[in-house]
Amino acid sequence: VEAVRTPVGKGKPNGSLAHVHPVELLAHTLRTLVERSGVDPALIDDVIGGTVDQVGEQAMNTTRYAALSAGFPETVPATTVDRQCGSSQQAVHFAAQGVIAGAYDIVVACGVESMSRVPMWSNVPEGKDPFGPGIAARYEEGLVPQGISAELIAAKWSITREQMDAFAVSSHRKAAEAWDKGLFDSEVAPLDGVSRDECVRPGSTPEILAGLKPAYQDPAF
């Protein structure tokens, strides 16, 4: 068992990995995975990858192209799945189920998303309805997106903005300390000179976060 990931980069224009094609992001991960594990890529039974916005540079079968770019033999199959924000988790589930069923001896579960190059909702053309009339009839006010769902949960359980800001500050500080101690080194595959997550902000404070505009309107108040 081996686990590898690229560093998490910031978005455009300052993100150090924003210029990297999504296929190459995943290919770099797959290539590093087999190097570190010592597994012969020819023995891999399947590569299952999660990608939400399967359009543009992430269109068609991104996982297959990444496996080929990584140098895997053409005989190794690959597929890309979409379960929205749980896409890569679903890839892990499918891989595990294949092992349990006896269909796989060696399988790779992975995923890629470059929101700099393929922004959220890129897979929904302007003016097009991805839900259809049946959903509209069942949910007259529309489906509740995750952001609003989070706001409703916070309201139900009396979780305040101040509590969440304090938790976020603590999380960033812990992440920075973990990086300084080298706790992430074994799982990260440096790419183009980037060896640490760019999104960690150890200098953040509750006061700084309190000045940020909420990402979603809170309908609960």
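The values are calculated or read from the model by the stated rules, or taken from the named source; none is laboratory data. Everything numeric in this text was worked out from a predicted model, so none of it was measured. Ideal geometry is used to build each Cβ from the backbone, glycine not excepted, and the neighbour counts take in all protein chains shown. Calculation scope for accessible area: heavy atoms of the full protein, side chains included, ligands and nucleic acids excluded. Shrake-Rupley method; radii C 1.70, N 1.55, O 1.52, S 1.80 Å.
Determine, yes or no, whether Ser186 is of a type in the set (Gly, Ala, Ser), part of a loop (DSSP other than H, G, I, E, B) and more than 30 Å from Glu2 (Cα to Cα).
no
Would you please list the contacts, defined by Cβ atoms under 6 Å and residues six or more apart or on different chains, that run from a residue in segment 157-176 that is modelled with pLDDT of 95 or more to a residue that is of a type in the set (S, T, N, Q)?
These pairs meet every condition: Val169/Ser204; His172/Ser204.
So for segment 65-77 (the condition being touching a Gly at 6+ places or on another chain (Cβ under 6 Å) and touching a residue at least 24 places away in the same chain (Cβ under 8 Å)), does at least one residue qualify?
Within segment 65-77 (the criterion being touching a Gly at 6+ places or on another chain (Cβ under 6 Å) and touching a residue at least 24 places away in the same chain (Cβ under 8 Å)), the answer is no, since none of the residues qualifies.
What's the number of the only condition in (1) touching a residue at least 40 places away in the same chain (Cβ under 8 Å); (2) in a helix (DSSP H, G or I); (3) within 14 Å of Leu26 (Cβ to Cβ); (4) not acidic (Asp, Glu) that Gln90 fails to meet?
(3)
Is it true that some residue in segment 71-82 is surrounded by fewer than 17 Cβ atoms within 10 Å (Cβ to Cβ) and within 19 Å of the chain's Cα centre (by Cα)?
yes
Going through Ala67, Ala27, Ala42 one at a time, which residue ends up being over 22 Å from Met115 (Cα atoms), of a type in the set (A, V, I, L, M, F, W, C), at pLDDT 95 or above and not in a loop (DSSP other than H, G, I, E, B)?
When all the criteria are applied, what remains is Ala42.
If we scan segment 129-152, do we find a residue that is closer than 28 Å to Met60 by Cα, out of contact with any strand residue (DSSP E or B) (no Cβ under 9 Å at 6 or more places or on another chain) and surrounded by 14 or more Cβ atoms within 10 Å (Cβ to Cβ)?
Checked against the condition, which is being closer than 28 Å to Met60 by Cα, out of contact with any strand residue (DSSP E or B) (no Cβ under 9 Å at 6 or more places or on another chain) and surrounded by 14 or more Cβ atoms within 10 Å (Cβ to Cβ), segment 129-152 yields no hits at all.
Just to be sure, is Glu207 open to solvent by 60 Å² or more (accessible area, probe 1.4 Å), in a helix (DSSP H, G or I) and not aromatic (Phe, Trp, Tyr)?
Considered against the rule, which asks whether it is open to solvent by 60 Å² or more (accessible area, probe 1.4 Å), in a helix (DSSP H, G or I) and not aromatic (Phe, Trp, Tyr), Glu207 comes out as yes.
Which members of segment 156-184 meet the condition of being acidic (Asp, Glu) and open to solvent by 60 Å² or more (accessible area, probe 1.4 Å)?
Result: Glu162, Glu177, Asp180.
Among the candidates Val108, Val99, which residue alone is in a strand (DSSP E or B) and either under 24 Å from Ser37 (Cα atoms) or not aromatic (Phe, Trp, Tyr) (or both)?
Val108
Six or more apart or on different chains, Cβ under 7 Å: which pairs go from a residue in segment 95-123 that's more than 30 Å from Lys10 (Cα to Cα) to one that's at pLDDT below 95 and open to solvent by less than 30 Å² (accessible area, probe 1.4 Å)? Could you list them?
Cβ pairs passing all conditions: none.
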